[in-house]
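Shown next, in structure tokens, is the structure this report addresses.
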Amino acid sequence: MSDNDGVHAIVGFRLQRNFALLILLESWEELQDKKYFISIEHHDDFLFCYQTENGLVSSISTYQSKKKSSGDWTLNKDFLEILKKITELAKNLYEDEIEKTSDYTHKLHFISNSPTSFSDRSKDIPNIKVHEENKQVKFTELDTFYKNKIKNGINDLTIGAEQLQELENLIFLYRDLPRTVKYQKNLLIGSFFEIFGDKVVDHKASIEVLESLFSEIETIFNQGKKAKLLDKSKQVTSEQINNAINIITTKQKAFKLWRASKEDIVRIFHLPMRQQKKFEQAFENSFDLFKDLKQSEHQKIFNFLKNHMNIFDMYLSDKDCIEAFYNKYKTEFNSQLSEIDIKAAVFAAYIELKEQL
């Protein structure tokens, strides 16, 4: 489980990624002020690693994600083998070289879109089912009978006492993630809409932006066939996620202003009808180009406006402010960009910086 040998089918990667995205969206509110990163196909199918401000790891939540063709997960040999592997993971987490806080903890999750049933007809013990009406059950919450059945079953597969103790950190999860990738995506789009509503126009495109972040890491092999949390090529950080969301929501506000003030913007920048569509496309692209360190001309425009934020104190309207920024930039700099791209970048930088006031 510590190796990523590249033999997993793309469907498996998508299941892990979509479960990770679902957990991310479910936890969005509580994650707002946290520093963390997410890895896929690393120590486990995916994990959330939470850090202090200075980068020490304070806690990790790992997730072994499985789907089942039919029926429930039950305490048979195959399922016990999965639970054994989950407990083995804890040792790898402790031994990982990344620096941790003195009170470091971890949680080990088994997550599936099929129910998990704990039952025994021979015993007068209540059944427990992890499903849509009971989405989370901790190992510590199980009846002693089921606890012992798991412990004895795993012990028969030969593990040490320390590994057996890790069952105390085990949590069983159910999420109603559809069977097909298409419908999984529809669920994620719906979840994104519930969080952001009309702050975003295109929720489908927004999910695709987040998917693209994960697609960059999910098929990268662990270096030296060994998972290391220090391996940045296997991380999607909270900063990357927040930047992506900020771009998405800023674009929405930007287009609202463009639509509301189009006549004024057209006059400020002297945009003939034939140029307006090209301007709008360059305007949309500018938000992404500001984040690309290779785009020095866009960086220059953004930083110029950022260094002259005092202009916001000098004017009463968006129209006058934008015109002042544009005229000042044109007076002081020559750019290799086309005139349309300069105008679009100034307008986009204005909107992004206005959000920081």
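Below is a table of values for the structure above.
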read-out: Gain upon complete extension [Lys107, Asp78; 0.36 nm per residue less C-alpha separation]; value: 8.3 nm
read-out: At least 15 Å along the helix axis (C-alpha) and Kyte average at least -0.5, DSSP helices within the chain; value: 10-26, 77-95, 181-196, 203-218, 238-260, 339-354
read-out: Share antiparallel - DSSP beta bridges, the chain, percent rounded to 5; value: 60 percent
read-out: Helix-derived mean residue ellipticity, 222 nm - over the chain, DSSP H n ≥ 4, -39500 (n - 2.57), to 500; value: -16500 deg cm²/dmol
read-out: Given charges at beta-carbon only (K, R positive; D, E negative), |dipole| of segment 261-354 in Debye; value: 160 debye
read-out: Inter-label distance for Leu164 and Ser233, nm, one decimal - labels placed 7 Å from Cα along Cα-to-Cβ; value: 4.1 nm
read-out: Candidate aspartates and glutamates for bridging to Lys319, where Cα separation is under 14 Å - those fewer than 8 sequence places away on the same chain excluded; value: Glu263, Asp264
read-out: Ranked Leu353, Leu93, criterion: other C-beta atoms within 10 Å, fewest first; value: Leu353, Leu93
read-out: Environment charge at Phe287 (Cβ cut-off 11 Å; Lys +1, Arg +1, Asp -1, Glu -1); value: -1
read-out: Sequence-distant residues sharing a close amide H with Glu41 (under 5 Å, placed H); value: Phe46
read-out: Residue order, fewest to most surrounding Cβ atoms within 10 angstrom, among Ile40, Ile311; value: Ile311, Ile40
read-out: Residues of type aspartates and glutamates that Lys67 reaches as a straight line, Cα spacing below 19 Å, ignoring anything fewer than 8 places off in the same chain; value: Glu41, Asp44, Asp45, Asp78, Glu81, Glu132, Glu133, Asp176, Glu218
read-out: Additional length obtainable on full extension of the chain from Asn152 to Glu88, 0.36 nm per residue less Cα span; value: 21.5 nm
read-out: Qualifying trypsin sites (Lys or Arg not before Pro) for segment 76-133 [loop in DSSP, other Cβ within 10 Å: at most 11]; value: Arg121, Lys123
read-out: Among (1) 207; (2) 172; (3) 133, the entry that matches volume of the Cα convex hull per residue in Å³ as calculated here; value: (2)
read-out: Cβ charges +1 (Lys, Arg) and -1 (Asp, Glu), total dipole of segment 10-237, debye; value: 700 debye
read-out: Backbone HN-Hα couplings from phi across segment 171-180 [Karplus 6.51/-1.76/1.60, Hz, Gly and Pro as x]; value: 9, 9, 10, 10, 9, 7, 8, x, 6, 9
read-out: Estimated FRET transfer efficiency when R0 is 56 angstrom, pair Phe145-Asn310 (beta carbons, to 0.05); value: 0.20
read-out: Contour excess over end-to-end distance, with Cα ends at Lys319 and Ala205 and 0.36 nm allotted per residue; value: 38.1 nm
read-out: Local net charge near His308, Cβ-Cβ under 10 Å (Lys/Arg +1, Asp/Glu -1); value: +1
read-out: Cα centroid separation - segment 260-327 against segment 54-133, whole Å; value: 50 Å
read-out: Cross-link pairs Lys100/Lys185; Lys256/Lys294; Lys291/Lys330; Lys135/Lys253; Lys34/Lys129; Lys291/Lys343 - those with Cα-Cα distance over 25 Å; value: Lys100/Lys185; Lys256/Lys294; Lys135/Lys253; Lys34/Lys129
read-out: Fewest-first sequence of Met314, Met273 by Cβ atoms within 10 Å of each Cβ; value: Met273, Met314
read-out: Listed residue (Ser335, Ser296, Phe110) projecting farthest to the positive dipole end of the chain, Cβ model; value: Ser335
read-out: Phi-based couplings in Hz for segment 67-74 (Karplus 6.51, -1.76, 1.60; Gly and Pro marked x); value: 10, 10, 5, 6, x, 9, 6, 10
read-out: Estimated FRET transfer efficiency (Asn327, Asn242; beta-carbon r; R0 41 Å; 0.05); value: 0.80
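Values in this text are rule-based calculations from the coordinates and carry no lab data. Values in this document were obtained by computation on a predicted structure and should not be read as measured data. Using ideal geometry, Cβ is built from the backbone for each residue, glycine included, and neighbour counts are taken over all protein chains shown.
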